[in-house]
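Below is one structure, written out as structure tokens, with a few remarks after it.
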2 protein chains.
Amino acid sequence: MPKRKIQRERPKEKFSYDPRKVLKMLDEHARRILEDIKAGKNPHFDIPMRGLSNVYFDEKSRLIKMGDKLSRRYFLNVAHARKFMQTLLIMAYVKRLVSEGKHASLREAYYANKHTIPGTRENTFEDQSESDPIIEDLERMFGVLREEMHITADRRGYIYGDIVIRDGEDEFNASRLGSGGWAVPGTVEHIQFPEINVDYALVVETAAMADRLIEEKFPKRENALIIATQGQASRGVRRLIHRLHYEEGLPIIVFTDGDPYGWYIYSTIKQGSINLAYLSDKLATPESKFVGMTMDDIKKYGLENVTEKLKGIPPNKKGGPTGDYKRILEEMNYPWFQNKEWQRQLQLALKWGVRIEQQALANKSLEFVAKEYLPEKINNGDLLP
Amino acid sequence: MPKRKIQRERPKEKFSYDPRKVLKMLDEHARRILEDIKAGKNPHFDIPMRGLSNVYFDEKSRLIKMGDKLSRRYFLNVAHARKFMQTLLIMAYVKRLVSEGKHASLREAYYANKHTIPGTRENTFEDQSESDPIIEDLERMFGVLREEMHITADRRGYIYGDIVIRDGEDEFNASRLGSGGWAVPGTVEHIQFPEINVDYALVVETAAMADRLIEEKFPKRENALIIATQGQASRGVRRLIHRLHYEEGLPIIVFTDGDPYGWYIYSTIKQGSINLAYLSDKLATPESKFVGMTMDDIKKYGLENVTEKLKGIPPNKKGGPTGDYKRILEEMNYPWFQNKEWQRQLQLALKWGVRIEQQALANKSLEFVAKEYLPEKINNGDLLP
């Protein structure tokens, strides 16, 4: 039987980042406000509503999506005026950022726009919890990522593998950076990939495991790109995964701990999160597959001795379910886990009351994960949907 | 007056990583145990004691150091036997790692050595909290870093600036990696610096601030290397700072939030921590200086509007001191903060009850920190000891 190998696919979308798009939208909205004022009308914004009531799972695209409920924000309304003012302030700030080609963090955006309104004791913003939602409102209203508005996310994560990255004037191969790898910036909109010599991307939860695979030369031997998320994937990393899949045709395979937190990391990469439902089509990658750790791995590879107990109270005990058990029960209800493969793993976790870490594979040998576990599962297509 | 510029100094030490040193020590200790057994003697290890009672601040070297109290661990002693067995297991494991040129994380070291002793129901290790202290014991006993024993630390942090790094077969310039920068690996013992074209290293607490400085081209304009710690500095980053200072003569300047957590980050980079006192001479850099944020900055730069309140109860209120206040009082007692500059800042924080973040400088303008605040303070030598 020929070795079944994961191959790079035909790209599905072409993304080109164009700052003029954002500037045009800002301009249109601001112009409309101005015209309303000139016409003696009460100016307003229509902003897609946040919250669960305006979120649904779209079976066709397999994405969490935002519904079409709008909320109208008026200038001449005591309950709206403050937020209206804040919206315009942030719009002006974004215009400045994008025009000047500068980026600001959420925190900087808050500090930069906080001041006392002359002649009053009123501050424009009292706390970052006032400015963050305004930025989200703009994302929803314009249908753009805040990264496209030059507001950067927290950065975390690094990559390693044979792809050439172009970032501004720099161009380098992400497999020639020693054991360190390339630190993924908060914004990856401007990154280009002039050369990709890998067959797929393996997304890895822990830095320790990513470093194990780098040391074992897994990226070279298996022709894979390693993306270390270092916990929950940052927005930059999720956007990078999305772009590598849709624009470059790289299959995405996710490798986390075998526990509800690891499975949630997978879920967020695959489907997006409820909070950021309106961004799913730019941040999520529903075609991702999951290689492990699974409950079946424990038996198959004889890892019973290196499992850990689930935390919390099981559903059939007094006070339960709490902790890991509660989380597993929640995950069993996710629309994208409604298949027998995932229900089986989640049921087994509940039944056995255990979790299994990626690094527990070191119990076999250090090279086991890189030379047997991953190549075997990936090349046999032994992956969860 | 000529512009006062921080300059690279003459290197103070030359480090060359030699794995044979560790192998030789393992060999000597194991051989002694074997001879004891052959001679019918009860074999033992002498391990420097842990804990506050065996830690002191050495005024001359300005380092937290380990004292010379030893604790003796016997094989034939019911209270010692388990730990004795664990010590030998880990020693054998380290020998294998170093001989084969492989690295393992603390967690892998635990999983790799966990097994049930044949013919019993006894596990060699029940939990990582049993294996970590054994590895620390070996660090103390041999006077080497666990990184030299090929046990890697968690990685976090990245660098950006005009230095050439050699890591294995790869050689690259850390200012040519786009906006990402180079992700610092867990172990930096093997890293070499064939070319250094910067005058000093600026260690920055938050990624958002490091990215601000990169965007403003601060590294190029000021001839500086940026080291982003992303919170408390990881061991890899602290070791990198130490090596850049002592082996390459780079002055180290630290830039954190103006709050007890930021000042603690500085303190750990400068003096080491009590936990790792026995490693201070490899991880700490007492010659580091502190540029900000300080309480005096608030007045000097008119940042009153963007301070935040300290958390916790002040010392003069009922139930106090707690939280930030308690931490500040502790820091006032640190031997290396016994100077009027630091006492002044800590007193002011207590008095005003506020903290100030790095990113609050964005209130002036995005480029303010890179074009005025830092160059002004650094070039005028307006630094705390």
key: Subset of region A:92-133 [touching a Gly at 6+ places or on another chain (Cβ under 9 Å) and of a type in the set (Gly, Ala, Ser)]   = A:SER105
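Those residues that are in contact (Cβ under 8 Å) with a residue 40 or more places away in the chain and within 11 Å of chain A (Cβ to nearest Cβ), I need them from region B:156-176; list them, please. It would help to see each step written out before you state the result.
Of the residues in region B:156-176, the ones in contact (Cβ under 8 Å) with a residue 40 or more places away in the chain are B:156-163, B:174-175.
Within region B:156-176, B:ARG156, B:GLY157, B:TYR158, B:ILE159, B:TYR160, B:ALA174, B:SER175 meet the criteria.
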remark   = Going through (1) within 22 Å of B:ARG235 (Cα to Cα); (2) free of Cβ contacts under 8 Å to residues at least 24 places away in the same chain one by one, B:ASN123 fails only at (1)
key: Matching residues, region A:177-189, being within 22 Å of the chain's Cα centre (by Cα) and facing another protein chain (nearest Cβ under 8 Å)   = A:GLY181, A:TRP182, A:ALA183, A:VAL184, A:PRO185, A:GLY186, A:THR187
ask   = Which condition number does A:ARG355 fail, the rest of (1) surrounded by 14 or more Cβ atoms within 10 Å (Cβ to Cβ); (2) part of a helix (DSSP H, G or I) being met?
value = (2)
task = Within region A:308-335, count every residue that is surrounded by 18 or more Cβ atoms within 10 Å (Cβ to Cβ) and closer than 25 Å to A:VAL369 by Cα.
result = 1
message = For the list (1) over 29 Å from B:GLY186 (Cα atoms); (2) among the hydrophobic types (A, V, I, L, M, F, W, C); (3) within 14 Å of chain B (Cβ to nearest Cβ), I need the number of the one condition that A:VAL144 fails.
response = (3)
request  = Show the residue pairs that are 6+ apart or on different chains and have beta-carbon atoms under 7 Å apart, the first residue being within region B:142-155 and at positive phi, the second being modelled with pLDDT of 90 or more.
outcome  = B:HIS150/B:VAL94; B:HIS150/B:LEU97; B:HIS150/B:VAL98; B:HIS150/B:LYS102; B:HIS150/B:HIS103; B:HIS150/B:ALA104
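Residue-by-condition table, conditions (1) in contact with a strand residue (DSSP E or B) (Cβ under 6 Å, 6 or more places away or on another chain); (2) in a strand (DSSP E or B); (3) at pLDDT below 95:
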residue: A:VAL291; (1), (2), (3): yes, yes, no
residue: A:ASP297; (1), (2), (3): no, no, no
residue: A:PRO315; (1), (2), (3): no, no, yes
residue: A:GLY320; (1), (2), (3): no, no, yes
residue: A:ASP324; (1), (2), (3): no, no, no
key: Subset of region A:36-82 that is assigned to a helix (DSSP H, G or I) and surrounded by fewer than 18 Cβ atoms within 10 Å (Cβ to Cβ) - its residue that is farthest from the chain's Cα centre (by Cα)   = A:LYS38
remark   = So, first residue under 19 Å from A:ILE252 (Cβ atoms) and within 13 Å of another protein chain (Cβ to nearest Cβ) in region A:357-384, second residue among the aliphatic types (A, V, I, L, M) and part of a loop (DSSP other than H, G, I, E, B), Cβ within less than 8 Å, six or more apart or across chains; the pairs are A:GLN358/A:MET293
inquiry  = Being more than 9 Å from chain B (Cβ to nearest Cβ) and within 17 Å of B:SER179 (Cβ to Cβ) is the requirement here; does A:PHE193 meet it?
reply    = yes
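Of all residues being charged (D, E, K, R) and farther than 17 Å from B:ASP211 by Cα in region B:355-371, which is modelled with the highest pLDDT? Just the residue, please. Please lay out each step first, then the result.
Narrowing region B:355-371 to residues charged (D, E, K, R): B:355, B:357, B:364, B:367, B:371.
Going one step further and asking which of them are farther than 17 Å from B:ASP211 by Cα, we end up with B:355, B:364.
Details: B:ARG355: 97, B:LYS364: 94.
So, considering only residues that are charged (D, E, K, R) and farther than 17 Å from B:ASP211 by Cα, the one modelled with the highest pLDDT is B:ARG355.
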inquiry  = For region B:83-117: of the residues being within 13 Å of chain A (Cβ to nearest Cβ) and over 30 Å from the mean Cα position of the chain (by Cα), which is nearest to B:GLU139 (Cα to Cα)?
reply    = B:HIS115
query = What pairs can you find where one residue is in region B:177-205 and under 21 Å from B:HIS150 (Cα atoms), the other is part of a loop (DSSP other than H, G, I, E, B) and of a type in the set (S, T, N, Q), and their Cβ atoms are less than 7 Å apart, with a gap of 6+ or different chains?
reply = B:PRO185/A:SER179
inquiry  = Among the residues of region B:83-107, what is the count of those that are not in a helix (DSSP H, G or I) and not aliphatic (A, V, I, L, M)?
reply    = 4
query = From the list A:ARG146, A:ARG155, A:ARG140, which residue is touching a Phe, Trp or Tyr at 6+ places or on another chain (Cβ under 6 Å) and either over 26 Å from A:ARG221 (Cα atoms) or in the same structural domain as A:PRO219 (by TED's automatic domain parsing) (or both)?
reply = A:ARG140
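Just checking, does region B:225-235 include any residue being in contact with a Pro (Cβ under 8 Å, 6 or more places away or on another chain) and at pLDDT below 95? Spell out how you get there, then give the answer.
In the first step, residues of region B:225-235 are kept if they are in contact with a Pro (Cβ under 8 Å, 6 or more places away or on another chain); the result is B:225-226.
Now narrow it down to the ones that are at pLDDT below 95: none.
For region B:225-235, residues in contact with a Pro (Cβ under 8 Å, 6 or more places away or on another chain) and at pLDDT below 95: absent.
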ask   = B:ILE378 passes all but one of (1) in contact with a helix residue (DSSP H, G or I) (Cβ under 7 Å, 6 or more places away or on another chain); (2) surrounded by 14 or more Cβ atoms within 10 Å (Cβ to Cβ); which number fails?
value = (1)
request  = May I ask you to list the residues in region B:81-113 that are in contact with a helix residue (DSSP H, G or I) (Cβ under 6 Å, 6 or more places away or on another chain) and among the charged types (D, E, K, R)?
outcome  = B:LYS95, B:ARG107, B:GLU108
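Does region B:273-289 hold any residues that are within 27 Å of B:PRO375 (Cβ to Cβ) and part of a loop (DSSP other than H, G, I, E, B), and which are they?
B:THR285, B:PRO286, B:GLU287, B:SER288
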query = Exactly one of (1) more than 23 Å from the chain's Cα centre (by Cα); (2) of a type outside the set (A, V, I, L, M); (3) part of a helix (DSSP H, G or I) is unmet by B:GLU136. Its number?
reply = (1)
inquiry  = I'm checking my understanding of the structure. Among residues of region B:245-296 that are touching a residue at least 60 places away in the same chain (Cβ under 8 Å) and of a type in the set (Val, Ile, Thr), which one is farthest from B:GLU136 (Cα to Cα)?
reply    = B:THR294
task = Tell me which of these A:MET293 doesn't satisfy, since it passes every other one: (1) under 26 Å from B:HIS115 (Cα atoms); (2) over 21 Å from the mean Cα position of the chain (by Cα).
result = (2)
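Which ranges mark the strands (runs of 3 or more DSSP E) fully within region B:163-272 that have 1 or more residues being surrounded by fewer than 20 Cβ atoms within 10 Å (Cβ to Cβ) and of a type in the set (S, T, N, Q)? Lay out the reasoning, then the answer.
Numbers: elements: B:163-167, B:170-173, B:192-196, B:200-204, B:224-228, B:252-255.
Counting at least 1 such residues, we get B:170-173, B:192-196.
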note = Of (1) within 24 Å of A:ILE274 (Cβ to Cβ); (2) assigned to a loop (DSSP other than H, G, I, E, B), A:PRO118 fails just (1)
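The values are calculated or read from the model by the stated rules, or taken from the named source; none is laboratory data. On a predicted model such as this, the values are computed, not experimentally measured, just so you know. Please note: Cβ atoms are built from the backbone with ideal geometry, for glycine as well, and neighbour counts cover all protein chains shown.
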